[in-house]
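Right, one structure below, let's go through it.
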Amino acid sequence: MEHQEQPHKRRVRYKGTHPRTYKEKYKELQPEKYADTIEKVIRKGSTPAGMHISICVQEILNFLQIQPGQTGLDATLGYGGHSSKMLEQLQNQGHLYALDVDPIEMKKTKERLAGMGFGPEILTIKHLNFADVDQLLPESGKFHFALADLGVSSMQIDNPERGFTYKYEGPLDLRLNPEKGISAAERLRHISQPELEGMLIENADEPYAKEISTTILSEMRKGQGITTTTQLQKAVEKALIRVPAQERKEAVKKSCARTFQALRIDVNSEFEVLEAFLEKLPQVMEKGGRIAILTFHSGEDRLVKKSFQKFYREGIYSDIAKEVIRPSAEECSRNSRARSTKMRWAIRA
């Protein structure tokens, strides 16, 4: 039998400093192999694809005052950046419990942290929504410190298959746990104009909520379902057609970001979940236990502020942040995703 020659395959090339698609960024997606590329991307003020740069790390550690032997909670594991720094403070004594609702990223982070030497003897990772934090108590006991970073991780935003951003073509999904609930595309299929308008105002303070909701519903009525990120972006663009030409590009960009945010909050019930978590926090904290929460938009920040104030008035928290703590100007220039961050803290009485 004649030997058939395999057709020659060209090696994939890393296309310059700005690879266009997610898969082309293979160097960024393998940080262990291409450390110099990662460093260059970070120096430029960008977040490497598939990675997440933790925000306010020093401010969090300064406040939490973690001591070896303590038990702590990272309510939002994500890429594991905050967890790894908290684990370092424990110096192999004590325990950290970390929660995440995203089964895809959770598995990768568990492997990454194990590779750094943080195994089950010091770290327990649970696939659990932080709204159910009280379910941990029989196993963990009460916590000396707790952190919740309410931002969506860059790994989720950057992966077009997750549908979190208008910048890449992908299915309009937006679920943190793609195995549960309905996608954003499905949600839009069964929504009324007033409900969508209200969602855009409540979840994202969208100034063009009426125009955007009306346009989306009119596009859907034409039988043009909005099932991809690009289709939603085009609908927003169409809704803002009356914005003066010189302002339109920037207005569309901001309204797209807010529309995606509003839908993401809705499909993941983020406000309801946060309220449940804030309500249960005092019962899972030791006396003198310290809590730090990072928020990324006004809706979240209002909920955290009100909850902290309420429990402070009731004497359940002995002290709370009077002002928000913000990342330094230097951190914001290094990581543009830090700009909207606010940190609030509370201490259990």
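The values are calculated or read from the model by the stated rules, or taken from the named source; none is laboratory data. Owing to the predicted nature of the structure, the values given are computational and were not obtained by experimental measurement. Quick reminder, even Gly has a Cβ in these numbers, built from the backbone with ideal geometry, and neighbours come from all protein chains shown. When the accessible area is computed, the model is the full protein with side chains, heavy atoms only, and any ligands, DNA or RNA have been set aside. Shrake-Rupley method; radii C 1.70, N 1.55, O 1.52, S 1.80 Å.
Where does each of Val101, Val304 land when they are ordered by accessible area, with a 1.4 Å probe and the largest first?
Numbers: Val101 35, Val304 0 Å².
From most accessible down to least: Val101, Val304.
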Response to the item:
Judged on accessible area alone, 1.4 Å probe, highest first, Glu300, Glu179 line up as Glu179, Glu300
Practice prompt. For segment 78-84, just list the computed ³J(HN,Hα) in residue order, Karplus coefficients 6.51, -1.76 and 1.60, θ = phi - 60°, integers in Hz, with x standing in for Gly and Pro.
Written response: x, 6, x, x, 5, 4, 4
Worksheet item: How large, in percent, is the carbon and sulfur part of the accessible surface of segment 242-335 at a probe radius of 1.4 Å?
Response: 49
Worksheet item: Any idea what the dipole of segment 93-176 comes to, in debye rounded to 20, about its Cα centre with Lys/Arg Cβ at +1 and Asp/Glu Cβ at -1?
Response: 120
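Which sequence of Ser84, Ser298 reflects their accessible areas, 1.4 Å probe, from the largest down?
Values: Ser84 10, Ser298 40 Å².
Largest accessible area first, the residues go Ser298, Ser84.
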Discussion item. I'd like the Karplus ³J(HN,Hα) series for segment 196-202: coefficients 6.51, -1.76, 1.60, θ = phi - 60°, whole numbers in Hz, and an x wherever there's a Gly or Pro.
Written reply: 5, 4, x, 4, 5, 6, 5
Discussion item. Under 5 Å between amide hydrogens, which residues at least 5 positions from Gly289 or on another chain qualify, with H placed 1.01 Å from N in the peptide plane?
Written reply: Arg348
Discussion item. With the cut-off at 29 Å, tell me which of the pairs Lys108/Lys342; Lys210/Lys310; Lys110/Lys142; Lys85/Lys180; Lys222/Lys249 have Cα atoms farther apart than that.
Written reply: Lys210/Lys310; Lys85/Lys180
Worksheet, complete the sentence: Placing each pseudo-label 7 Å from Cα in the direction of the beta carbon, His190 and Arg313 end up separated by a distance in nanometres of 3.8
Discussion item. Whole-Hz ³J(HN,Hα) for each residue in segment 281-295, computed from phi via Karplus 6.51 cos²θ - 1.76 cosθ + 1.60 with θ = phi - 60°, x for glycine and proline: what do you get?
Written reply: 3, x, 6, 9, 9, 5, 4, x, x, 10, 10, 10, 10, 9, 10
